[in-house]
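Below you'll find the structure, written out as structure tokens, and then a few comments.
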Amino acid sequence: MSKIIIKKENYFHNLELLSQKAGGKEKLMAVIKDNAYGHGLELMAQLASEFGITKAAVKTLDEALHVEQLFKEVLILADHPPTELYSPNISFAVHSFEFLKKFPKKSNIHLNIDTGMHRNGVQMSELEDVLTYIKENSLNLKGIFTHFRSADDFNGELFWQQENWKKAKDESLMILKELEMKRPFFHSCNSSALLRSKDGIEDDFARCGIATYGYTHIDKNIATYDLLPVMSLYANRLSTRVLKKGKKVGYGGVYMAREDKIISTYDIGYGDGFFRYDGLGDLSIANGQKIRGRVSMDSLCVEGDREEICLFDDVTKLSIYFNTITYEILTKLMPWIKREAV
Ligand SMILES: *Cc1c(COP(=O)(O)O)cnc(C)c1O
């Protein structure tokens, strides 16, 4: 059976690097949304907790309920207001004033402020009304945050948005004081913004996903970082044959052997979330052996006859080949593939 191997040592290496950057393990929120970027929600939650991480971010309430016992704070980034209350360590991100009004009293919330991405968040001009509403409706404001749109890019946009964030923070603190409300957590950085910050951030913590898994898309003109990929994908052989000179393999017969070739078929395909390669380029697995022909739904063909192959131990090459980002290659891997930490 195909399987995903998680290199614990590499994960801990990345967590160490990022928590040093942030200024301590308590200043790092591990983002384990979307099945921990395909790495396996519960497995990665356990490892993060074992390392000493106390805060995590997930996408949905369902994900939060699977890991809440491992963390002091679990932030739900993209789910809808619930109709009941959950345990005190589960909080919801609030994306607009209208969204806020749907929460039951006493809900734990982190308020998103729009500082320039214009994807989600309340406007600066609404802050006073929003915070007053939170107080009057006895909502539990645990955090105030924002998200940066250009933390990877080689230009000044990050600094412009960080300035806006600083203003938003100052303004919030002033209003909170007037309303005699408690100071919540403030957080803004994702992986890239944290990596680009000076050591020891001013915020209370950073929310890091991709860099914990060993990748960054920060422009190489800015800097490179010592991150180690955590996931490898393996597949097992279903069958082997000699593809005679002139014979073609797979759908459409797009690969033709120019000489007799040993070809094996392995138990992973695009139905498992491995991208569908059309067989027309020059794509190889981790050890350099070529994938031959089109990738099928449940299988693919590779030269040679090894029992087990490693499809990748680093998805950078694949993400470039498919003109996408490492995030997408990783998150697409289906949850039913067995995950195992070594
Ligand atoms: C996914 C997400 C993150 C993590 O981003 P990375 O680039 O993977 O570090 C942080 N904050 C929010 C709001 C997110 O949605």
> Is it the case that Ser91 is at pLDDT 95 or above, farther than 21 Å from Gly209 by Cα and among the small types (Gly, Ala, Ser)?
Replying inline: no
> What is the residue count in the stretch 305-342 for residues that are out of contact with any Leu (no Cβ under 9 Å at 6 or more places or on another chain) and within 15 Å of Asp267 (Cα to Cα)?
Replying inline: 8
> Can you tell me which residue in the stretch 50-71 is farthest from Thr331 (Cα to Cα), limited to those that are within 16 Å of the ligand (Cβ to nearest atom) and of a type in the set (D, E, K, R)?
Replying inline: Lys55
>> For the structure I just gave you, tell me whether Leu173 is aliphatic (A, V, I, L, M), part of a helix (DSSP H, G or I) and under 20 Å from Val94 (Cα atoms).
In response: yes
>> Just to be sure I understand, how many residues within the stretch 197-219 are more than 16 Å from the ligand (Cβ to nearest atom) and more than 20 Å from Phe12 (Cβ to Cβ)?
In response: 3
> Pick from the stretch 170-200 the residues that are of a type in the set (Lys, Arg) and surrounded by fewer than 19 Cβ atoms within 10 Å (Cβ to Cβ): which of them is modelled with the lowest pLDDT?
Replying inline: Lys198
> Is at least one residue of the stretch 22-34 within 14 Å of the chain's Cα centre (by Cα) and not aliphatic (A, V, I, L, M)?
Replying inline: yes
> Are any residues in the stretch 288-342 within 16 Å of the ligand (Cβ to nearest atom), of a type outside the set (A, V, I, L, M, F, W, C) and not in a loop (DSSP other than H, G, I, E, B), and if so, which ones?
Replying inline: Thr316, Ser319, Thr326, Tyr327, Glu328, Thr331
> Can you tell me which residues in the stretch 312-329 are within 18 Å of Asn287 (Cβ to Cβ) and without any contact (Cβ under 8 Å) to a residue 40 or more places away in the chain?
Replying inline: Lys317
> Does any residue in the stretch 84-103 that is more than 26 Å from Phe71 (Cα to Cα) come within less than 8 Å, Cβ to Cβ, of a residue that is assigned to a helix (DSSP H, G or I) six or more places away or on a different chain, and which pairs are these?
Replying inline: Phe97/Glu126; Phe97/Asp129; Phe97/Val130; Phe97/Tyr133; Lys101/Tyr133
> Filtering the stretch 176-196 down to residues that are in a loop (DSSP other than H, G, I, E, B) and at negative phi, which residue is farthest from the ligand (Cβ to nearest atom)?
Replying inline: Leu179
> Is it the case that the stretch 29-49 has a residue that's in contact with a helix residue (DSSP H, G or I) (Cβ under 8 Å, 6 or more places away or on another chain), within 16 Å of the ligand (Cβ to nearest atom), in the same structural domain as Leu111 (by TED's automatic domain parsing) and polar (S, T, N, Q)?
Replying inline: yes
> Considering Arg237, Arg207, which residue is under 21 Å from the mean Cα position of the chain (by Cα) and modelled with pLDDT of 95 or more?
Replying inline: Arg207
> Of all the residues that make up the stretch 72-104, how many are away from the ligand (no atom under 16 Å from the Cβ) and not basic (Lys, Arg)?
Replying inline: 15
> What number of residues within the stretch 202-229 satisfy the criterion of being part of a loop (DSSP other than H, G, I, E, B) and within 14 Å of Cys189 (Cα to Cα)?
Replying inline: 6
> Which of the residues that make up the stretch 125-149 are within 16 Å of the ligand (Cβ to nearest atom) and not hydroxyl-bearing (Ser, Thr, Tyr)?
Replying inline: Lys142, Gly143, Ile144, Phe145, His147, Phe148, Arg149
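The values are calculated or read from the model by the stated rules, or taken from the named source; none is laboratory data. These numbers come from a predicted model, not from an experiment. Note that each Cβ is placed from the backbone with ideal geometry, even for glycine, and that neighbours are counted across all protein chains shown.
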